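The values are calculated or read from the model by the stated rules, or taken from the named source; none is laboratory data. Because the structure is predicted, anything quoted here is derived from the model rather than measured. As a convention, Cβ positions derive from the backbone with ideal geometry for all residues, glycine included, and neighbour counts pool all protein chains shown.
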Amino acid sequence: MITTVIGVYTLYILIRLYVSVMQIGYINRIKCKGAVLMGEAQYRDAANYAVAKEKLTMIETFVEFGLLLIWIGGMMAWLDGALMAQGGSLHTIMAVMGLILINGLVMLPFSWYSKFKIDAQYGFNRSSAGQFVKDTLISTLLTIVIGSLIVWIVSMIIRSNDLWWLWSFAFIFAVVIALNMFFPTIRALFFDKVTPLENGELREQIESLMAKTGFVSSGVFISDASKRDARLNAYFGGLGKTKRVVLFDTLIQKLSPSELIAVLGHELGHFAHNDLYKNIAMVGVMLFGMFALFGNLPETLYMELGVAQSPQIIMMLFILLLPVVSFVMMPLMGMVSRHNEYEADRTGAELGGAEHLVNALKKLVSENKSFPLSHPLYRFFHTTHPPVVDRLRALGYDIHVADDEGYADPCPND
């Protein structure tokens, strides 16, 4: 059985690596043809940035595979045995959180390199080393506190019920919903400073826009995200009365009021179409399938691993194999999400004007150095948004994109 698990995970890793190789090759071929939505130099910068990030992802993939082999090759049994003296729930919490924290520590240098090398090279990172350490410590503390509570409750469910996987699914799904509700508050408390948008014409326009779609929120806020990153963004967070509109200060600086209204119109389109609830439902289906799978793993797997079928081992296996199940589900979720983006664009065009949304999308691509093209396989497995060129065409913007067929010449001076 363990051979089957390793075989499935190996196939998953090989597919991920193949998709990355195809994406890198595609970008390197097409970046020297006619620039799309940017100047030539900026277009190549965006391409090189995308390639650098993808290469880092490939290295992370190898490390992820190595960690799996180490854990199931004996480290999971060793950690479980080393903590045996703790007994009961404390044993379970320490084992599961130990796995999470060790893996997080191993992957931490990649986050550092991504931010302070790649992002810094392309003009995105504005965070200091001290800010990075502070954010990491806060994230780790939150993970320990919230994670330990979740692990403890799930362990109690496993020990008390034969259908533990069903009740554990119900609990975790409730946690997902709660996190969606309180995410804006948690982010504001521990990471970004948010302040209410001052009274003025922009706020009146936003409130009028929300009234048209029946969106009731706890307020419109500005986030000081520019202290960490130069990219533009905005989000609608929370559920029910906790909903709020959060605009990154970078977005307000770069977009005109009309463009900003069109972008918010797009986000309100998601609300009008109940996309958030659809996404939560899809996550629920995925979680149900995962718990049903892990709740019925054969005992031979645990025997081959040299461990008991205990709550901590069940949860550790769940965490280790979660990426495979997520990867399998991603194409379906991505397909639905891309459809929702087109619908939200249509609403944004109706509420804020198609020409303003087109201009906003072009600015977002340019300012965020988002390479506008990608390999079909990469889109199938990874993307939740349609290619921006397709979104622009759907909005009536005529754009020509040269394909990469037969093109293999290196870029000059690159």
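So here's what we get for this one:
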read-out: Sole exception among (1) at pLDDT 90 or above; (2) under 30 Å from Gln205 (Cα atoms); (3) surrounded by fewer than 17 Cβ atoms within 10 Å (Cβ to Cβ); (4) of a type outside the set (Gly, Ala, Ser) for Met335, by number; value: (2)
read-out: Verdict on Ser155 being touching a Lys or Arg at 6+ places or on another chain (Cβ under 8 Å) and either surrounded by 14 or more Cβ atoms within 10 Å (Cβ to Cβ) or modelled with pLDDT of 90 or more (or both); value: no
read-out: Cβ pairs under 7 Å, 6+ apart, first in segment 133-151 and more than 18 Å from Thr92 (Cα to Cα), second outside any helix (DSSP H, G or I); value: Asp135/Phe191
read-out: Segment 256-310: number of residues that are surrounded by fewer than 16 Cβ atoms within 10 Å (Cβ to Cβ), closer than 22 Å to Ala77 by Cα and not aliphatic (A, V, I, L, M); value: 7
read-out: Where a residue in segment 73-93 is exposed (fewer than 13 other Cβ atoms within 10 Å of the Cβ) and its partner, wherever it lies, is part of a helix (DSSP H, G or I), with Cβ under 7 Å and at least six apart; value: Met84/His91
read-out: Residue that is farthest from the chain's Cα centre (by Cα) [pool: residues in segment 104-141 that are under 20 Å from Ala225 (Cβ atoms) and of a type in the set (A, V, I, L, M)]; value: Ala129
read-out: Candidates Arg391, Arg379, Arg346 - the one that is within 20 Å of Arg231 (Cβ to Cβ) and not aliphatic (A, V, I, L, M); value: Arg391
read-out: Some residue of segment 100-117 being buried (at least 17 other Cβ atoms within 10 Å of the Cβ), among the polar types (S, T, N, Q), touching a strand residue (DSSP E or B) at 6+ places or on another chain (Cβ under 8 Å) and closer than 22 Å to Arg187 by Cβ; value: no
read-out: Filter pass, Phe190 being among the aromatic types (Phe, Trp, Tyr), over 26 Å from Ala50 (Cβ atoms) and free of Cβ contacts under 8 Å to residues at least 24 places away in the same chain; value: no
read-out: Of residues in segment 158-180 being more than 16 Å from Thr92 (Cβ to Cβ) and not hydrophobic (A, V, I, L, M, F, W, C), the one surrounded by the most Cβ atoms within 10 Å (Cβ to Cβ); value: Asn180
read-out: Of the criteria (1) crowded, with 17+ Cβ neighbours inside 10 Å; (2) small (Gly, Ala, Ser); (3) within 30 Å of Phe116 (Cα to Cα); (4) over 25 Å from the mean Cα position of the chain (by Cα), which one Gly39 fails; value: (1)
read-out: Answer residue from segment 387-414, given it is modelled with pLDDT under 65 and surrounded by fewer than 10 Cβ atoms within 10 Å (Cβ to Cβ) and is nearest to Glu350 (Cα to Cα) among those; value: Glu405
read-out: Strands (runs of 3 or more DSSP E) wholly inside segment 195-299 containing at least 2 residues that are touching a residue at least 60 places away in the same chain (Cβ under 8 Å); value: 244-248
read-out: Segment 343-384, residues that are out of contact with any His (no Cβ under 7 Å at 6 or more places or on another chain), modelled with pLDDT of 90 or more, over 25 Å from Gln42 (Cα atoms) and acidic (Asp, Glu); value: none
read-out: Residues of segment 134-171 classified as over 30 Å from Trp112 (Cα atoms) and part of a helix (DSSP H, G or I), total; value: 17
read-out: Test for Val63: is it surrounded by fewer than 17 Cβ atoms within 10 Å (Cβ to Cβ) and hydrophobic (A, V, I, L, M, F, W, C); value: yes
